[in-house]
Amino acid sequence: MRRARSQSRTRPIARTRSKSRAKFEVRDAPPEDLVEDEVNKFVHYKKFGLYATEISRVIAIDEIPEIKHSNQVVVKVKASTVSLNDCYIRRGIWYDSIPLPNTPGFDIVGTVVSMGVEAEAAGFEYGEAVASCCRTGGNARYIVVDYSDLCSVPGNVDSAQAVCLISTYMTAYQALHRCKPRAPRETLEGSNILVTGGNEPIAQAVIELAQRAGASKIFATAAKKYHDQLTEQGVCPLPMDAKMWLPLVRGKMDIVIDGICQDGYASPHQALNYRGHLVVHGMSLIMNGAEQGFCGTPFDVMYQRFKAGYLLSRTTRYCPYEWSRTRSAEWKHDMEYLMELLARGKINPKITKRITLDSVPYYQQQLEAGEINGLIVCKPWK
């Protein structure tokens, strides 16, 4: 729920665009909110391709974007994510059609600088900190989004940590608490949880949130070099190879969270107990080696996505962008809860790199090459 606007608040004077194509009323932020360097910069590519540094450019223009509809908001981006999802989209293998040219950046945190009258009527304030799972467009200094896609961000949190909550921590939280059907008062206390790729950002968020929720035992698959780290976290490490870990956990797990798809989700599904639930949030093993198909998305990617969504029992296919649109009220409720935990210091996203816009193409390639692991945050004004 948006808070009600105070009656005594001084509002900026409404201004109507003189051009005939903009017939709706637009309200801009007071001039003092825009004194910082307004040169807009953004990462940009015009065609899909394997190598980010070859096809991507960082563009600088001496203007900020304008809204085209009264329900839109211009957000000045304070932090955005750089992730493998950006790489999959850039390579043209994402499961949805993405128009070109494109700017990468799946998540953003920033402040409101301009809005249409519908957005203002919904209670948004100039300078208010907001967040969005935008899927594209985040690696920029400004972005235009619909107000219905925005969540509030507490003023006392680090924007770089806050942006890590939007896809990474939200995927972990909703996989644990929303995807499995359960009784109203059922909790994670006493549950056995398995997560694949235990060293990856989403798995690390799963571990942190599951321990906070009182899970009985957490198992995580990972390469041998990460086993000591997982043990120190109170997690039972398992080998990466499903043939080696499945005999140890077959039929014992209450929740299994898989983003790898090592064997078509067969082993994660067999690890479930009779009431267990599988949550599928990706297929990195397939996507990392996939090439653009005749129709864009490779057939194997489409088939495994269809299988997880419709053929496997007790399975939920999860995408943070989709859930933010189709379950908006629930999404915002959970995001506000995670932001509150961050504000109170109860969760602590660990950022591997804070980079500039100019470095985004390079770090996309580092991610794809496996040279860097963890959360990468772009700070566009650095």
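The values are calculated or read from the model by the stated rules, or taken from the named source; none is laboratory data. The structure presented is a predicted model; accordingly, all values stated were derived computationally and were not measured. Don't worry about glycine lacking a Cβ; one is built from the backbone with ideal geometry, like all the others, and counts go over all protein chains shown. Surface accessibility is based on the protein's heavy atoms, side chains included, excluding ligands, DNA and RNA. Shrake-Rupley method; radii C 1.70, N 1.55, O 1.52, S 1.80 Å.
Annotation: D107 fulfils all but one of (1) in contact with a His (Cβ under 9 Å, 6 or more places away or on another chain); (2) within 29 Å of K346 (Cβ to Cβ); (3) among the acidic types (D, E); the unmet one is (1).
Of the residues in the range 226-233, none is open to solvent by less than 50 Å² (accessible area, probe 1.4 Å), part of a helix (DSSP H, G or I) and either charged (D, E, K, R) or touching a helix residue (DSSP H, G or I) at 6+ places or on another chain (Cβ under 6 Å) (or both).
Every residue, every condition in (1) small (G, A, S); (2) under 28 Å from I193 (Cβ atoms); (3) touching a residue at least 12 places away in the same chain (Cβ under 8 Å), yes or no:
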| site | (1), (2), (3) |
| --- | --- |
| G276 | yes, yes, yes |
| G282 | yes, yes, yes |
| M287 | no, yes, yes |
| E291 | no, no, yes |
| C295 | no, no, no |
| F299 | no, no, no |
| K307 | no, yes, yes |
| L311 | no, yes, no |
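Only residues that are aromatic (F, W, Y) and open to solvent by 50 Å² or more (accessible area, probe 1.4 Å): list them for the range 337-374, please.
So the first thing to find is which residues in the range 337-374 are aromatic (F, W, Y), and the list is 337, 362-363.
Correct list: Y337, Y362.
For the residues A52, A79, the requirement of being within 16 Å of W381 (Cβ to Cβ), surrounded by 13 or more Cβ atoms within 10 Å (Cβ to Cβ), at pLDDT 95 or above and among the small types (G, A, S) singles out A79. Among the residues making up the range 326-336, a single one is surrounded by 12 or more Cβ atoms within 10 Å (Cβ to Cβ) and either more than 15 Å from Q174 (Cα to Cα) or hydroxyl-bearing (S, T, Y) (or both): S328. Total residues in the range 282-321 satisfying the condition of being surrounded by 14 or more Cβ atoms within 10 Å (Cβ to Cβ), under 21 Å from D86 (Cα atoms) and among the charged types (D, E, K, R): the figure is 3.
If I go through the range 252-267 residue by residue, how many of them are touching a residue at least 40 places away in the same chain (Cβ under 8 Å), among the small types (G, A, S) and at negative phi?
First pass over the range 252-267, keeping only residues touching a residue at least 40 places away in the same chain (Cβ under 8 Å): 252-262, 264-265.
Remaining after also requiring among the small types (G, A, S): 259, 264.
Now restrict to residues that are at negative phi: 259.
Summing the residues that are touching a residue at least 40 places away in the same chain (Cβ under 8 Å), among the small types (G, A, S) and at negative phi in the range 252-267 gives 1.
Here is the figure for the range 337-351: residues that are among the aliphatic types (A, V, I, L, M) and over 18 Å from T171 (Cβ atoms) total 1. With the condition kept exactly as written, say whether any residue in the range 359-380 is more than 18 Å from N156 (Cα to Cα), of a type in the set (D, E, K, R) and at pLDDT 95 or above. Checking the range 359-380: not a single residue is more than 18 Å from N156 (Cα to Cα), of a type in the set (D, E, K, R) and at pLDDT 95 or above.
Could you please give the count of residues in the range 39-75 that are in a loop (DSSP other than H, G, I, E, B) and not aromatic (F, W, Y)?
Here is the first cut: in the range 39-75, the ones in a loop (DSSP other than H, G, I, E, B) are 39, 46-51, 56, 62-71.
Restricting the remaining residues to those that are not aromatic (F, W, Y) gives 39, 46-47, 49-50, 56, 62-71.
Qualifying residue count, the range 39-75: 16.
Of the numbered criteria (1) more than 23 Å from L150 (Cβ to Cβ); (2) assigned to a helix (DSSP H, G or I), the one L341 fails is (1).
Assess whether T187 counts as being hydroxyl-bearing (S, T, Y), modelled with pLDDT under 95 and either in contact with a helix residue (DSSP H, G or I) (Cβ under 8 Å, 6 or more places away or on another chain) or more than 23 Å from R354 (Cβ to Cβ) (or both).
Values: hydroxyl-bearing (S, T, Y): yes; modelled with pLDDT under 95: yes; either in contact with a helix residue (DSSP H, G or I) (Cβ under 8 Å, 6 or more places away or on another chain) or more than 23 Å from R354 (Cβ to Cβ) (or both): yes.
For T187, the condition - hydroxyl-bearing (S, T, Y), modelled with pLDDT under 95 and either in contact with a helix residue (DSSP H, G or I) (Cβ under 8 Å, 6 or more places away or on another chain) or more than 23 Å from R354 (Cβ to Cβ) (or both) - is met.
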